[in-house]
Each structure stands twice: as structure tokens, then as C-alpha cells.
Amino acid sequence: MHRSNRIADFDDPSFDPFATFESATQSGSGEDPYARLAEMRRQKSVFELDYRELLGSPPDLTMQGLPKYMVLGAADIQQVLETPQLFSNTIFERNVGLCFGRSLTVMDAPEHTRYRRLFQKAFMPSVVSKWGDTLVDPVVHGLIEGFKGKGRADLVREFTQYYPFQIIYRQLELPQADIAVFHKLAVGLTCIVVDVAHGVEASQKLGAYYALLLDERRNGGGSDLVSTLAQAEIEGERLPDEVLVSFLRQLINAAGDTTYRATSSLLAGLLSNPDQLDAVRRDRALIPAAIEEALRWEPPVTVCPRLTLQPVVLDDVQIPAGAEIDAMTGAYNRDPARYDKPDRFDIGRKPLRHMGFAYGAHVCIGQHLARVEMTRALNALFDHLPNLRLDPDYEPPQVTGVNMRVPAAVHVRFDA
């Protein structure tokens, strides 16, 4: 990109979106939310209640005025997410839609179905598997090189917090000089629920930046993700610029932040269970089971909100049209009706479908890439850090947060 087209920073350079976002997602009562939710689920499945208020999370300023219901039972959560004609994704027009724009997240069928087919072409397993060698491995090995000689590290602050984002930068072939401001704006987008003005400002500036990228790459024949999506076509139809820019705006949050959280929790689960860690280290064929268990045990996002399009009844509770329905997918993954001893991290448990990547028509389109990234990251850590273990000088890792969970640190030692 030409220097004159360089991405514009926030008008207020002192605004720190990283601190704002972490404060919004990590705040809460400090207690394990799953214990509270399990206690409530034993009473009933559906509550007329705002989960944010229950768990001490800041209110979503964009959702004020809506009746709010929280769904905890597995069967009812599944019904909500597999019945989009009653429970609509258009609720996101009120919050992330203000900053992402017309992304897949805010759409229902048939619009969602039509555009998702075009995006899926760029994220098929056959495509994503090639990115393991060309994009993922250089990033993870490069980051590990920076600390493997020290014999100890915080795998969150030195590894997981960076690697998914650096992969995205390579996917987009961003100029190195643009990356710092790009990431700052991308995180600023997700502050929309607590800081509407800065979220909208980030949206406008990233939108202008992506529009320039599209103009430059649409006919260049490149293999980067922007070029690939700009040229994606099914039966003569291409993605409209508005939809494409909206998808790209969401990429850092949907692909970067969630993978950072999922990988951090995977490491916390394995390292806190040395017998399972050793089993996976000895037999890498167990890595897929470890990843799926981590996504069940501590999914990076624990809530899927929907909007009722007409009056409905769930668990004998009458719910009006125009209500916010918070399907607590994290609670689904801990429901003892589905999983034996659900609070335990256990890579040997019988595999069952989880909702670590949500469910239904809006299941995560990047789930195959996330699994490739987590697999490559774990293999690289085992390859480069012999005798990897928790550092006894620090407290064991603790996954915290309400709707977006992650351990603040994973301190480890290894043989340098």
C-alpha cells in the first residue's frame, strides 16, 4: 500500500482499546461463572435475567431496553441456535453491526446462506491445510525462537497473545508499517458495547483502509486473503464490497482473539494435568482430542445472543417478540446431562459435539483454520521446549472472565 494511503490512527492517540476491551471482557465477580450457572440450571433452564448483571459484567450499552432471557439447558440452547426463523442473528445489528457492518454475523437466511457459500470457498479444509506450512509454522516457530533459550516463559504474554494475529497479518499481506495501528483499530471495534464512539471511529477508519486494499488487489491475481475473497465467485455472483469489507473488519475478533483465548485455555488445561500433558507429548495423535476438550471445557466465547422474531415458549417460559435471548453455550458445554464430570478437563472423555465454535447456521466459518493453528502451535511448543511444565514459582493458570474467557498468564519452565 502506498505511504499516502497508510491507515489512520484514532483521533485521540491516548485511547487504549486493549485496556478497554480487557476490562469489559474480563471483569466480573471473580468467581467461577460455571458453578453459579450450574446451580441455577438445577432449578430450571430459562430465566428472565441479564447474564451480565448476574455475573458482574459491564452492561452492554447497545442492548438497553430489550427484555432479556438467559438459557442454560442444553436442549433449549440447541433449539435456539438451530431455529433461526424464530431466534434471529439480526440482534447483532444493535452492537457489533454498528462497527463491523453487514457481516455474516448480522444476517439471517436467505442472505446469510448466499454469502456464506462464497466465504466458505476461502476457508475449506483443503485450502486451510496449506496455510499450516506457509502461514502458521513460520509464525509459531519465529515466536518460540524469541524465548526458547531462557528456560522459562509466560506462554500467554510471549506466545498465544501474538501468534493468531500475526497469521492474519500474513493472510492479508499487510505492510509491516501498518500493523500496529491496524491491530489497535481492530481491537477498538470490539469496544463498541462499552464505548460506542470509539467503536464507530475504528469501523470507519478500517473500512476506508480495506476499501483501498480491495481496489489495489481486486485484479492483481494475488493469493492473499483479500485478493482471494475479492475474486471468489459462485454461479457468476461475487461478494459485494460492503459485505466483504464488513467480513474483513470482523476478522481480528472472529479469527484472532478467539484463537488466542482457545489456545491459552488449551495450554492451561494440559499443563494443569501433567498426566494428560505427558500422554499428548508422547502421542501427538491425541492432539485433536485435547483441542476438542479444551474447546468444550473453556470455549473462548460463552454466550450466543439472539433476537426473538415472534412470541415463543421455552421451558414453559413465555417470551415476547423482540427479546434478547442469551444462549449460554459455555453452560451447554458443562451440562451434566451431556457430559460426565463436565467441570473436569479430560482429553479421554467420549467425544460429543460441543459448542466451542457455536452451532447451527452460524457455526464458526474459520473453525478449520483455528484447529490447524492450535495443532501447529502445540506441536511446535513440544518440539522446541523439552520437558515443558508449569513454573512452580507462579500460581497455576486460572481461566477468568464472563463472556470471553482466558487465563491471564501461563507461566512455564522447560529445558533450554
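What are the residues in region 374-416 that are part of a strand (DSSP E or B), open to solvent by less than 10 Å² (accessible area, probe 1.4 Å) and of a type in the set (A, V, I, L, M), if any?
Matches in region 374-416: VAL406, VAL412.
How many residues are over 15 Å from LYS205 (Cα atoms), open to solvent by 10 Å² or more (accessible area, probe 1.4 Å) and among the β-branched types (Val, Ile, Thr) when one looks only at region 231-249?
The qualifying residues number 1.
Residue by residue, here is whether (1) touching a Pro at 6+ places or on another chain (Cβ under 6 Å); (2) buried (at least 21 other Cβ atoms within 10 Å of the Cβ) holds:
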{"residue": "ASN273", "(1), (2)": "no, no"}
{"residue": "ALA279", "(1), (2)": "no, no"}
{"residue": "LEU286", "(1), (2)": "no, no"}
{"residue": "ALA294", "(1), (2)": "no, yes"}
{"residue": "GLU298", "(1), (2)": "no, yes"}
{"residue": "VAL301", "(1), (2)": "no, yes"}
{"residue": "ARG306", "(1), (2)": "no, yes"}
{"residue": "ASP315", "(1), (2)": "no, no"}
{"residue": "ALA321", "(1), (2)": "yes, no"}
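Please go through region 201-211 and give me each residue that is of a type outside the set (S, T, N, Q) and either surrounded by 15 or more Cβ atoms within 10 Å (Cβ to Cβ) or within 13 Å of LEU244 (Cβ to Cβ) (or both), ordered by number.
GLU201, ALA202, LYS205, LEU206, GLY207, TYR209, TYR210, ALA211
Which residues, counting only those in region 78-95, are over 30 Å from LEU185 (Cα atoms) and surrounded by fewer than 21 Cβ atoms within 10 Å (Cβ to Cβ)?
GLN78, GLN79, GLU82, THR83, PRO84, GLN85, LEU86
Out of the residues in region 278-294 that are aliphatic (A, V, I, L, M) and more than 24 Å from the chain's Cα centre (by Cα), which is nearest to GLY401 (Cα to Cα)?
Initial filter on region 278-294 (aliphatic (A, V, I, L, M)): 279-280, 285-287, 289-291, 294.
This time we only want the ones that are more than 24 Å from the chain's Cα centre (by Cα), so: 279-280, 285.
Details: ALA279: 29, VAL280: 27, ALA285: 31 Å.
My answer is VAL280.
Are there any pairs with C-beta distances below 6 angstrom linking a residue in region 216-238 that is in a loop (DSSP other than H, G, I, E, B) to a residue that is at pLDDT below 85, with the two at least 6 apart or on different chains, and if so which?
Sorted first by the residue in region 216-238, then by its partner, the pairs are ALA232/LYS121.
Test each condition in (1) in contact (Cβ under 8 Å) with a residue 60 or more places away in the chain; (2) crowded, with 19+ Cβ neighbours inside 10 Å; (3) among the aliphatic types (A, V, I, L, M) for LEU98 and report the one that comes out false.
That leaves (2) as the condition not met.
Taking region 335-345, which residues are acidic (Asp, Glu) and either within 15 Å of the chain's Cα centre (by Cα) or buried (at least 19 other Cβ atoms within 10 Å of the Cβ) (or both)?
ASP335 - this is the single residue of region 335-345 that is acidic (Asp, Glu) and either within 15 Å of the chain's Cα centre (by Cα) or buried (at least 19 other Cβ atoms within 10 Å of the Cβ) (or both).
Looking only at region 166-192, filter to residues that are among the polar types (S, T, N, Q) and touching a helix residue (DSSP H, G or I) at 6+ places or on another chain (Cβ under 7 Å); which one of those is modelled with the lowest pLDDT?
Across region 166-192, the extreme among qualifying residues is THR190.
Which condition breaks for ASP60 when tested against (1) surrounded by 20 or more Cβ atoms within 10 Å (Cβ to Cβ); (2) at pLDDT 95 or above; (3) among the charged types (D, E, K, R)?
Of (1) surrounded by 20 or more Cβ atoms within 10 Å (Cβ to Cβ); (2) at pLDDT 95 or above; (3) among the charged types (D, E, K, R), only one is false for ASP60: (2).
Could you list, in sequence order, the residues of region 347-369 that are buried (at least 17 other Cβ atoms within 10 Å of the Cβ) and in a loop (DSSP other than H, G, I, E, B)?
Those that are buried (at least 17 other Cβ atoms within 10 Å of the Cβ) and in a loop (DSSP other than H, G, I, E, B): ILE347, ARG349, HIS354, MET355, PHE357, TYR359, CYS364, ILE365, GLY366.
Step by step: first the residues of region 186-200, then only those that are within 24 Å of GLN171 (Cβ to Cβ) and β-branched (Val, Ile, Thr), then the one that is least open to solvent (accessible area, probe 1.4 Å). Which residue is that?
Among them, the one singled out is ILE192.
The values are calculated or read from the model by the stated rules, or taken from the named source; none is laboratory data. Keep in mind it's a predicted model, so treat the numbers as computed, not measured. Cβ: placed from backbone, ideal geometry, glycine included. Neighbour counts: every protein chain shown. Side chains included, ligands, DNA and RNA excluded: accessible areas come from the protein's heavy atoms. Shrake-Rupley method; radii C 1.70, N 1.55, O 1.52, S 1.80 Å.
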